[in-house]
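Enquirer: Pasting a structure below so you can have a look.
The values are calculated or read from the model by the stated rules, or taken from the named source; none is laboratory data. Source: prediction; values computed, not measured. Reconstructed Cβ throughout: ideal geometry from the backbone, glycine too, with neighbour counts over all protein chains shown. Keep in mind that these areas ignore ligands, DNA and RNA; they rest on the heavy atoms of the full protein, side chains included. Shrake-Rupley method; radii C 1.70, N 1.55, O 1.52, S 1.80 Å.
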Amino acid sequence: MESQQLNLDVISNNLANVNTTGFKKSKIEFQDLLYQTSRAAGAEAGGGNQVPTGLQVGHGSRPVATSKIFTVGELTQTGERLDVAIQGDGVFEVQLPDGTRAYTRDGALKTGADGRITTSDGLSLQGGFQPIPIGTTSVSISPTGEVSTTGPSGTQNFRVQLVRFANPSGLDAAGRNLYRETPASGPAELGNPGENGFGELQQGYLEMSNVKVVEEMVNLIVAQRAYEINSKAVQAADEMMQMSNNLRR
């Protein structure tokens, strides 16, 4: 029952973030617990015979992992010049206030008062992003990461890079659409969009959550029914013990 409660919490979090930009849904994984063995398979049964099957009773299940599924979400056209979606593998690199690095798939980029390109929380984009001069009239971002800006001071060109990890499911979800590197994720690998397996950039689009509401609703019903039947099993066991306690010789 505790396992199914945690399963319900994971599904609820997926549904709560169905409209979160760049959100990646989680799935919970279970393992069975230890078994009580009353008779081992292959034990001697006398006369040179062996027991073909054993007698084991399991003791339930436990959750062992909640892994992120990094499939690409649906791309939605916004028309904003600094909305950038990653179509494929890769994440943006940002700098946290303490100087450490974090990573995000949220491409709803903004410009600060000094022209720096930031996230919605004001975190500076790394990986080749340069400040956009004040008065810039146009910003063009190609699928392969070349950025061209035009303004009163002329044209500025630079190229941005993406980051990827050998095991993205091993990233630490830090909230605020951010992930942190862990020993399980492997080191960050920089690369150009559209090259060597990195995804391409799509200007004027945002990647929405990869949560599918219908799928999560089905999982929600399954988790609810599993919790219910487990509670019925506990109730049935209690009633059977009550019946045995009420026996009269």
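Enquirer: Out of all the residues in region 180-210, which are touching a residue at least 24 places away in the same chain (Cβ under 8 Å) and farther than 20 Å from E74 by Cα?
Expert: R180, E181, A188, E189, L190, G191, N192, E195
Enquirer: Assess whether P143 counts as being at pLDDT below 95 and surrounded by 13 or more Cβ atoms within 10 Å (Cβ to Cβ).
Expert: Answer is no for this residue.
Enquirer: Which condition number does A174 fail, the rest of (1) open to solvent by less than 40 Å² (accessible area, probe 1.4 Å); (2) assigned to a strand (DSSP E or B); (3) over 30 Å from S138 (Cβ atoms) being met?
Expert: Evaluating A174 over (1) open to solvent by less than 40 Å² (accessible area, probe 1.4 Å); (2) assigned to a strand (DSSP E or B); (3) over 30 Å from S138 (Cβ atoms) leaves (1) as the failure.
Enquirer: Which of the numbered conditions does S185 fail, given that it passes all the others? Conditions: (1) in a loop (DSSP other than H, G, I, E, B); (2) open to solvent by 30 Å² or more (accessible area, probe 1.4 Å); (3) of a type in the set (S, T, N, Q).
Expert: (2)
Enquirer: Yes or no: G79 open to solvent by 40 Å² or more (accessible area, probe 1.4 Å) and under 30 Å from Q156 (Cβ atoms)?
Expert: Here the answer is yes, as G79 does meet what is asked.
Enquirer: Right, here's the next one. For the list (1) open to solvent by 80 Å² or more (accessible area, probe 1.4 Å); (2) out of contact with any helix residue (DSSP H, G or I) (no Cβ under 6 Å at 6 or more places or on another chain); (3) within 21 Å of V10 (Cα to Cα), I need the number of the one condition that V213 fails.
Expert: (1)
Enquirer: Take the residues of region 188-204 that are outside any loop (DSSP other than H, G, I, E, B) and open to solvent by less than 70 Å² (accessible area, probe 1.4 Å): which is nearest to F30 (Cα to Cα)?
Expert: Restricting to residues being outside any loop (DSSP other than H, G, I, E, B) and open to solvent by less than 70 Å² (accessible area, probe 1.4 Å), the top hit is F198.
Enquirer: Then there is this: Among what's in region 113-139 and is polar (S, T, N, Q) and loosely packed, with under 14 Cβ neighbours inside 10 Å, pick the residue that is farthest from V163 (Cα to Cα).
Expert: T137
One line per residue, one yes/no per condition, for (1) more than 27 Å from A233 (Cβ to Cβ); (2) in contact (Cβ under 8 Å) with a residue 40 or more places away in the chain; (3) open to solvent by less than 40 Å² (accessible area, probe 1.4 Å); (4) in contact with a Pro (Cβ under 9 Å, 6 or more places away or on another chain):
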{"position": "S3", "(1), (2), (3), (4)": "no, yes, yes, yes"}
{"position": "I11", "(1), (2), (3), (4)": "no, yes, yes, no"}
{"position": "T20", "(1), (2), (3), (4)": "yes, yes, yes, no"}
{"position": "K25", "(1), (2), (3), (4)": "yes, yes, yes, no"}
{"position": "L33", "(1), (2), (3), (4)": "no, no, no, no"}
{"position": "Q36", "(1), (2), (3), (4)": "no, no, no, no"}
{"position": "G42", "(1), (2), (3), (4)": "yes, no, yes, yes"}
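Enquirer: Test of understanding: among V51, V57, which residue is surrounded by 13 or more Cβ atoms within 10 Å (Cβ to Cβ) and of a type in the set (V, I, T)?
Expert: It is V51.
Enquirer: I've got another one for you. With the condition kept exactly as written, say whether any residue in region 145-162 is within 21 Å of the chain's Cα centre (by Cα), under 30 Å from I28 (Cβ atoms) and in contact (Cβ under 8 Å) with a residue 60 or more places away in the chain.
Expert: Yes: one or more hits.
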